[in-house]
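Below is one structure, written out as structure tokens; comments come after it.
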Amino acid sequence: MIPAAFEYYRPKDMAGVLSILEEHGDDARVMAGGHSLIPMMKLRMADVPHLIDLQDVGGMSDIAVTADSIRIGAMVTQHDIIDHDGLASAAPILREAALQIADPQVRYMGTVGGNVANGDPGNDMPGLMQCLDAAFTVVGAEGERDIPARDFYEAAYMTAREDEEVLTAVMIPAPQGGYAYEKQKRKIGDYATAAAAVQIVKDGGSCVSASIAMTNLSDTPIYSEDAGAALVGTSVDDAAIKAAIAAMLGDIDPTEDNRGPVAFKKHVAGVILRRAIERAWSRA
Amino acid sequence: MKDEVDSREDRVANLKGMGCSRKRVEDARFTQGKGNYVDDVKLDGMLFGDFVRSPYAHARIKSIDTEAALKVKGVLAVLTAKDLEPLGLHWMPTLAGDKQMVLADGKVLFQGQEVAFVVAEDRYAAADGIEAVEVEYEELEVIVDPFKAMESDVVLREDLVAEDGSLPDGAHGPRKHHNHIFTWEAGDKEPTEEVIANAEVVAEESMYYHRTHPCPLETCGCVASMDKVNGKLTLWGTFQAPHAIRTVVSLISGIEEHNIRVISPDIGGGFGNKVGAYPGYVCSVVASIVTGKPVKWIEDRMDNLMTTAFARDYWMKGRISATKEGKITGLHCHVTADHGGFDACADPTKFPAGFMNICTGSYDIPTAFLEVDGVYTNKAPGGVSYRCSFRVTEAVYFIERMIEVLAIELNMDAAELRRINFIKKEQFPYTAALGWEYDSGDYHTAWDKALKTVDYEGLRAEQAQRVEDFKAGKTRSLMGIGLSFFTEIVGAGPVKNCDILGLGMFDSCEIRIHPTGSAIARLGTISQGQGHATTFAQILASEIGLPADSITIEEGDTDTAPYGLGTYGSRSTPVAGAATAMAGRKIRAKAQMIAAYLLEVHDDDVEFDVDRFVVKGAPERFKTMKEIAFAAYNQAIPGIEPGLEAVSYYDPPNMTYPFGAYICVMDIDVDTGVTDIRRFYALDDCGTRINPMIIEGQVHGGLTEALAVALGQEIAYDDMGNVKTGTLMDFFLPTAWEVPNYETDYTVTPSPHHPIGAKGVGESPHVGGVPCFSNAVQDAFRAFGNRHTNMPHDHWRIWKTANELGLHD
């Protein structure tokens, strides 16, 4: 568990970060909390000759909540999310999900930016951000651009962010209605066997909109548009939930691992989604 | 003097002797980060060694090119089998009578096997050096299934086949196949077959006790320092048996034993993992001799999980017979034991399957037969006793599952079936069908207390209601009631039948009383977290009448401690604890003579009273042990040598047999396989209780490791022999979050042959806990036709059970 030798950089501003990225291309990686990247480097599964620590860059640790949107800086930690009362009332699903990530020690270090940018299908925030229809702000030599979370993930560890770009913030439209983040895991600190993020808006006993995303059931997070659509216009009764589950199962593509075989994962995905929908609906 | 005014009660309390929940004296150090573990040992000029390990489970080594590695900055040497061969150290003996490659000699037999040892100025350079060593492998057919191994033409151990193709006997007799290691039998074969053939009821079951790993928090490691000037080798390491390591190092290296000093510093958990000898020890010693500098080797977590001693991996097939009323008449057990690439089990020499022949459990079973076949496969070697005496967890799991299966066969309550078959109190000492003489027990009392405490009848009624609700669609949760009654066999052991590599399994204690009435005692054992510095001082306090707080306990340095066989198999209290009491009694005998002289009476006219000798019938006339200690050194006493010291080597007359009754209540989510342990009750009878608080801590720890093993902890391999669970992401180590609240309880049935009646407790909760957790899972599904499913009961396997029983339809 000893990484290969690497150069360590700690630039004071984003221009410094970008110039190092420019110079070294995919030989350089930025690091926020380091809780995914450092283990990969120690296992020598990630070769990072040039490591850029973002701790001193500044300007990426704020949480801004307005009436219609939320902006979370990339360096905001999972702990900050849990600790922020304004965020908890504007988007309670964030706290519910963050509390299910790893353990307190990890949450003090692990950041939202790192969690969404790394592209690890096991991470919880990517699916959650797809559910919330968030957009990720990335900055590069050409300036800033926003990428919708639902378009961001291409394959495991492959995202729409270019090697020379840095993810600086997450923008979330203010969530409406009921919510739930439901996760099954083997133990504290584990990735999900299956997890579901659900946000539902109810109007007079019927569902007017529903957003559903699943975690760790494919090589990317899965936003299941059809699953959400299956609930819209219904009273979220058993038939509607079954239809949503069926739609979701058509979108995921789990693989067998130590958590279990594919049939088990699909079954649990359905159970977890049902529970998430029921809880979100009860809160809507 | 204060002593004179204190009441007897105060004087007893002041000693903090046996029976008192004295706080652990170790903890001040450990909780402040002041422990001294092997990786804390830092010596001038110390080098660091680490291994190139095989990525393949079975491969021939075509070549090893070390040239590039030697050019890496900071790398000083790369050792391969070729370098060790002239020293005769490319192979080493195992504790099981086999031999094991230190560095790959022509081939590798398991993934992670040590291929070359890179010695560098620091661990970073060593890691870079490892990357630069080029090894060319030719992959061979991999065998990870012991049953296939016994039929395969593939020869795993070519060194164990004669040139004419014949199979020389192994360490434990004839071998049936080139991948077979031994057959070991206990009991009477024909009578057992006959009883079972003619029985009214027979239950059969096959079960796999999966491979797992002790996973101590501190991994294995050592620092070897050869002083070429005085010819002395000092070896610090994570050794559960430092004296045995010294002897083994002497035997294989040729260095005289007096020139070897082995030191076990603080050890961060052992659980059996640190009993054996590993290639890292040998390579560090050789590297230190070659370079003339100290060499450190420390495993990382993956090294530890993938290559150092595993536990279990027993395929057990049982048949149990009974009358229609449930009285057990016979038991037959066959085990196919997967030992991996080398037989490196840590068992007493005459017991290649450990004490598996305790598998008749707590029951009066008149006829029994056990047969164990050891088999080579392409997995890591080991087979240690993970928090249990030798293979006792396997044995207890086997019988506690067979009882449950028999209860199903008889359509009987499993608690009642146990009760009618328990060995009765008046039958002790009881000779079991497979040979052991159980020293003492009162099983019925313990069982009744346990059942009453948890309201067993009430639980069964609740469970029946739950089944009805489930069938009516009112709930998706089932309730399991796990029962387990275990008898351990610990304290190895009597030298007449217990040795390891010819080293008798006695243990020892040496006591020196200082003139001012404090003391130091040294033992042949070594604590790895058990709290020896606390509890052994308590034994001595009660025996010699000096406060435990005035007694230093020291272990682990072979230059100072008396010879002993170390700490594992819950042997410290039964063996070294007995030696401690006996040495204490020698001190007391001499103190009595001194007291009598000082009090000017005959030796027989004084008697020991808590912390002093008093003149019989005249309690106002006494000498405290403190006064006696001073006199022992500073007063000329005719006919008595100065000083107050004693040493005792204790060869136990028998093992001790702790027992206990455990009950687990569990809710199971049928749809997700998630378990929720709502209650866990553990009654332990470990004989005389030295420190109730430490016992409770031991029970909590052992139960937690039992929960781990039963519910998810495994070393799993794929068909290519790749370890699938090499990190703590996949290897289940429970945290406080996963652990339920434990209720502990006890009865006290002292060991009749142990000087203080103590039996040992560290491993009981693991031994009894594993079947209890497993039985709870299996019991939840009994109403739906489940007989047996294999551990570990992780989410997907429980889900699979429910699925196969049609509970998802």
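The values are calculated or read from the model by the stated rules, or taken from the named source; none is laboratory data. These numbers come from a predicted model, not from an experiment. No Cβ is skipped: glycine too gets one built from the backbone with ideal geometry, and neighbour counts run over all protein chains shown. These accessible areas exclude ligands, DNA and RNA; they are computed on the full protein's heavy atoms, side chains included. Shrake-Rupley method; radii C 1.70, N 1.55, O 1.52, S 1.80 Å.
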Quiz item: Listed residues B:Ile358, B:Ile320; which is closer than 24 Å to B:Val575 by Cα, touching a helix residue (DSSP H, G or I) at 6+ places or on another chain (Cβ under 7 Å) and not polar (S, T, N, Q)?
Solution: B:Ile358
Exercise. Return yes when A:Ser218 is among the polar types (S, T, N, Q), over 29 Å from A:Ala74 (Cβ atoms) and at pLDDT 95 or above and no when it is not.
Key: no
Practice problem: Only residues that are open to solvent by 40 Å² or more (accessible area, probe 1.4 Å) and within 14 Å of chain B (Cβ to nearest Cβ): list them for segment A:146-187, please. | Solution: A:Lys185, A:Arg186
Quiz item: Are any of the residues in segment B:119-140 touching a Lys or Arg at 6+ places or on another chain (Cβ under 8 Å), open to solvent by less than 10 Å² (accessible area, probe 1.4 Å), more than 14 Å from chain A (Cβ to nearest Cβ) and assigned to a loop (DSSP other than H, G, I, E, B)?
Solution: no
Quiz prompt | Any chance B:Ser250 is away from chain A (no Cβ under 14 Å), open to solvent by 10 Å² or more (accessible area, probe 1.4 Å), modelled with pLDDT under 95 and not in a loop (DSSP other than H, G, I, E, B) | solution = yes
Quiz item: Taking into account only those residues within segment A:250-264 that are buried (at least 19 other Cβ atoms within 10 Å of the Cβ) and over 20 Å from the mean Cα position of the chain (by Cα), which is farthest from the other protein chains (Cβ to nearest Cβ)?
Solution: A:Arg259
Practice problem: Restricting attention to segment A:265-284, report how many residues are more than 10 Å from every other protein chain (Cβ to nearest Cβ) and not β-branched (Val, Ile, Thr). | Solution: 11
Quiz item: Within segment A:35-48, can one find any residue that is farther than 22 Å from A:Ala149 by Cα and in contact with a Phe, Trp or Tyr (Cβ under 8 Å, 6 or more places away or on another chain)?
Solution: yes
Quiz item: Would you call B:Tyr314 surrounded by 24 or more Cβ atoms within 10 Å (Cβ to Cβ) and in a strand (DSSP E or B)?
Solution: yes
Quiz prompt | segment B:430-443 residues that are closer than 16 Å to B:Pro191 by Cβ, paired with ones that are in a loop (DSSP other than H, G, I, E, B) and open to solvent by 30 Å² or more (accessible area, probe 1.4 Å) (beta carbon under 7 Å, 6 or more apart) | solution = B:Ala433/B:Pro366
Quiz item: Do any helices (runs of 4 or more DSSP H) entirely within segment B:1-56 hold 3 or more residues that are among the hydroxyl-bearing types (Ser, Thr, Tyr) and either within 30 Å of B:Asn691 (Cα to Cα) or in contact (Cβ under 8 Å) with a residue 60 or more places away in the chain (or both), and if so, which?
Solution: none
Quiz prompt | Test: A:Asp103 is in contact (Cβ under 8 Å) with a residue 24 or more places away in the chain and more than 10 Å from the chain's Cα centre (by Cα) | solution = yes
Quiz prompt | Of the criteria (1) touching a residue at least 40 places away in the same chain (Cβ under 8 Å); (2) within 11 Å of chain A (Cβ to nearest Cβ), which one B:Gln778 fails | solution = (2)
Quiz item: Given B:Glu696, B:Glu641, B:Glu714, which one is without any contact (Cβ under 8 Å) to a residue 60 or more places away in the chain, open to solvent by 10 Å² or more (accessible area, probe 1.4 Å) and in contact with a Ser or Thr (Cβ under 8 Å, 6 or more places away or on another chain)?
Solution: B:Glu696
Quiz prompt | Test: A:Asp103 is acidic (Asp, Glu), surrounded by fewer than 17 Cβ atoms within 10 Å (Cβ to Cβ), more than 21 Å from A:Glu22 (Cα to Cα) and modelled with pLDDT of 95 or more | solution = no
Exercise. Just need a number here: residues in segment B:286-298 that are surrounded by fewer than 24 Cβ atoms within 10 Å (Cβ to Cβ) and assigned to a helix (DSSP H, G or I).
Key: 3
Quiz item: Tell me, which residue of segment B:728-745 that is in contact (Cβ under 8 Å) with a residue 60 or more places away in the chain, open to solvent by less than 60 Å² (accessible area, probe 1.4 Å) and of a type in the set (A, V, I, L, M, F, W, C) is nearest to the other protein chains (Cβ to nearest Cβ)?
Solution: B:Phe732
Quiz item: Can you find even one residue in segment A:113-120 that is of a type outside the set (D, E, K, R), touching a Ser or Thr at 6+ places or on another chain (Cβ under 6 Å) and either open to solvent by 20 Å² or more (accessible area, probe 1.4 Å) or closer than 11 Å to A:Phe152 by Cβ (or both)?
Solution: yes
Practice problem: Could you check, for segment B:746-760, whether at least one of its residues is β-branched (Val, Ile, Thr) and within 14 Å of chain A (Cβ to nearest Cβ)? | Solution: no
Quiz item: Would you pick out the residues in segment A:44-81 that are within 14 Å of chain B (Cβ to nearest Cβ) and open to solvent by 60 Å² or more (accessible area, probe 1.4 Å)?
Solution: A:Arg44, A:Met45, A:Asp47
Quiz item: Quick check: is even one residue across segment B:77-91 closer than 30 Å to A:Ala4 by Cβ, at pLDDT 95 or above and among the acidic types (Asp, Glu)?
Solution: yes
Exercise. For segment B:90-104, state whether one or more residues are surrounded by fewer than 20 Cβ atoms within 10 Å (Cβ to Cβ), part of a helix (DSSP H, G or I) and not polar (S, T, N, Q).
Key: no
Exercise. Can you tell me which residue among A:Ala196, A:Ala134 is away from chain B (no Cβ under 14 Å), under 16 Å from A:Pro92 (Cα atoms), crowded, with 21+ Cβ neighbours inside 10 Å and in contact (Cβ under 8 Å) with a residue 12 or more places away in the chain?
Key: A:Ala134
Quiz item: Can you spot a residue in segment B:193-208 that is open to solvent by less than 30 Å² (accessible area, probe 1.4 Å) and closer than 24 Å to B:Ile500 by Cβ?
Solution: no
Quiz item: How about segment A:230-284: which of its residues are farther than 17 Å from A:Ala210 by Cα and in contact with an Asp or Glu (Cβ under 6 Å, 6 or more places away or on another chain)?
Solution: A:Asn258, A:Val262, A:Val271
Quiz item: Which residue pairs have Cβ atoms closer than 7 Å, lie 6 or more positions apart in sequence or on different chains, and pair a first residue in segment B:525-544 that is among the aromatic types (Phe, Trp, Tyr) and assigned to a loop (DSSP other than H, G, I, E, B) with a second residue that is modelled with pLDDT of 95 or more and open to solvent by 10 Å² or more (accessible area, probe 1.4 Å)?
Solution: none
Practice problem: Kindly indicate whether B:Lys176 is in contact (Cβ under 8 Å) with a residue 24 or more places away in the chain, touching a Phe, Trp or Tyr at 6+ places or on another chain (Cβ under 8 Å), surrounded by fewer than 18 Cβ atoms within 10 Å (Cβ to Cβ) and farther than 29 Å from B:Phe271 by Cβ. | Solution: no
Quiz item: Given the conditions (1) open to solvent by less than 60 Å² (accessible area, probe 1.4 Å); (2) modelled with pLDDT of 95 or more, which single one is not true for A:Asp13?
Solution: (1)
